[in-house]
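Comments concern the structure below.
Nothing in this text is a laboratory measurement; each read-out follows from the coordinates by a stated rule. Being a predicted model, the structure only gives us computed values, none of them experimental. When we count neighbours, we look across all protein chains shown, and the Cβ atoms used for this are built from the backbone with ideal geometry, even at glycine.
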Amino acid sequence: MNNRSSGILLHPSSLPGNHGIGDLGTAAYKFVDLLSNLKQSLWQVLPLCPVADGYSPYQSPSAFAGNPLLLSLELLQEEGFLLAEDLDDVPDFSLDFVDFADVEIWKMEKLQQTFKNFEKNSTAEQRIFFEQWSADAAFWLEDYATFAAMKIISGGLGWTDWENAWKFRDSFEIQKFREKYAFAISFQKFVQWQFFRQWTALRKYANQQGIRIIGDLPIFVAYDSAEVWSNPELFKLDTNQQLNAVAGVPPDYFSNTGQHWGNPLYRWEEMRKDAYSWWKKRLRYTLEQFDFVRIDHFRGFENYWEIPADAETAAEGEWKEGPGLEFFEEMFKELGELPIIAEDLGLITPDVNLLREKCGFPGMKVLQFAFSDENNAYLPHNYENTNTVVYSGTHDNNTSLGWFRELSELERERLQVYLSKNVQEDSVCYELMRLAWSSTAVFALAPLQDLLSLGGDCRMNLPGTSGGKNWGWRCRAWQMKDLNQHWIVQLTETYARDQKVEV
């Protein structure tokens, strides 16, 4: 990470399109073209994994699988896996917001039809490719496909509510299930095969245009996930597979009572016994999908907030020691140099910074946090080195326009003084981007909402809450076309961020 570069944060689900949710098809390729035209070289996404209740990509039923809802049905149709008439019944989906429940019902039905068509009409070569890919991914795919099929057969129950033979993975019963529901399991594998085919092709196209993709790896996995079901010994569960403790953070900028995430915590001492092999598989697989990877909640490797499972709020937790430098030394030995960005926001101690520095990972600076006091560490003149990534805001922040509208008089005054100009609503997004692009940080990024000067009703997520419009924002195609490309190109050239990224 040695070239000054810039880019845009946008999850594929936010792309325009007529199927209820953005996908990996035509709009994604057009977005890559837009990035290239804007002389940007980075596209940052959120986790691409499946979503469950609440639809957060940070609470996924799999740490390895891709989100079926992001599959492009049009690309499947082009390949002959869907017929033209199969897409004649597209509901009148919102173009502004993802209605996940309705999209899931309709799209999964279409994917079922795709698989039936594949089973009936696929060539011998296609079947060989499918079988070979499934064999290569078997280290995670077998358990995930079985888990996903069991969820459906059980009527959507969490795995801890399954019958004991399934819950405790009785080998005879698991094998019997796999034989009885072979079609349902093969369907899950097929969907994953198609997802990674589409994603690999999109990433290849982006790389050919000089665009590198920044992925996102949540440190924790969901309780109701294939990973916890298949590896319960690696997580803090009791003998009945119930949670002993959960992850979260203490009271912070986002919440007065902290954030109660509910994710199971790792038994780091158990993982240490085999040199963190599960993590090595996870990280290797993630790095195969992206050019850079942002590790969400990096501080959890130094110390993490442990909340009793029966606690009402996150405030009742306490800090526990994480695996520290030893963990990353094992990763380096196995995987070599790691193109990782450390999400080091929140209550960060000197020990967390020291761990990040020893690993050589860039940290993050968010300009929306920079004006709470006069000498804030996120103000660009306080950046100690170039090995950092600066954002106007992230998916967890308000849009910059929404943020500006909610600033206190004192914070707004600090912003005006720092920029030496009278910032208004019609200029604040540009000014924050200019501040980011002109900084010494090696990478500068902004959410697409900021390039479009959109208000707070278009924010992606409000931490500490679930439901509502979290994760659902979508961009309209006309907004992409109306983007003021000239000032973004000029900004990028002026501050020498029009270089291609070396990976």
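Annotations for the structure displayed:
- When the GluC sites (Glu not before Pro) in region 399-503 are filtered for DSSP coil states and for at most 15 other beta-carbon atoms within 10 Å of their beta-carbon, the remaining sites are E406, E425, E502.
- Cβ-derived FRET efficiency at R0 41 Å, L83 paired with S171, nearest 0.05: 0.50
- Difference of contour (0.36 nm per residue) and Cα-Cα distance, S408 to E288: 38.8 nm
- Within the same chain, lysines fewer than 8 places from K358 are excluded, and of the rest, those with a Cα less than 20 Å from its Cα are K280, K333.
- Of the DSSP H helices in the chain, those whose Cα atoms cover at least 27 Å axially and whose Kyte score averages -0.5 or more: 182-208
- In region 214-287, trypsin sites (Lys or Arg not before Pro) in a DSSP loop with at most 15 other beta-carbon atoms within 10 Å: K273
- Alpha-carbon centroids, region 157-210 and region 109-146: separation in whole Å: 10 Å
- Farthest toward positive dipole pole in region 222-328 [+1 Lys/Arg, -1 Asp/Glu at C-beta], among A314, N231, Q259: N231
- In terms of distances greater than 24 angstrom between alpha carbons, the cross-link table entries K39/K481; K30/K281; K189/K281 yield K30/K281.
- Length-normalised contact order of the chain in % [C-alpha pairs under 8 Å, at least 6 apart]: 21 percent
- In nm, spacing of pseudo-spin labels at E179 and E374 (7 Å Cα→C-beta vector): 7.7 nm
- Neighbours of A436 by Cβ distance under 14 Å: Lys/Arg scored +1, Asp/Glu scored -1, total +2.
- Debye, to nearest 20: dipole size of region 231-339, +1 on Lys, Arg Cβ, -1 on Asp, Glu Cβ: 320 debye
- Multiplying the residue separation of E357 and D102 by 0.36 nm and removing their Cα-Cα distance gives an extension gain of 87.3 nm.
- Contour minus Cα-Cα distance for T257 and N240 (0.36 nm per residue): 3.2 nm
- Charges were assigned to the Cβ only: +1 to each Lys and Arg, -1 to each Asp and Glu. The resulting dipole of region 399-503 about its Cα centre is roughly 280 debye.
- Each label was represented as a point 7 Å from its Cα along the Cα-to-Cβ direction; for E131 and E337 these points are 4.1 nm apart.
- Between S427 and S94, the FRET efficiency from the beta-carbon distance, with R0 = 35 Å, is close to 0.70.
- Inter-part distance where region 1-71 and region 295-353 are each reduced to a Cα centre, Å: 25 Å
- Lys/Arg +1, Asp/Glu -1 at C-beta; the chain dipole; positive extreme among W279, S438, W106: S438
- With 30 Å as the limit, the listed pairs K110/K180; K110/K151; K116/K469 have K116/K469 beyond it between alpha carbons.
- Aspartates and glutamates with Cα under 14 Å of K273, excluding same-chain neighbours fewer than 8 positions away: E233, E326, E330
- Its DSSP H runs of at least 4 residues, each contributing -39,500 (n - 2.57), put the calculated 222 nm mean residue ellipticity of the chain at -12000 deg cm²/dmol, to the nearest 500.
- Amide hydrogen neighbours beyond the local backbone of V389, cut-off 5 Å, H modeled: G363, M364, K365
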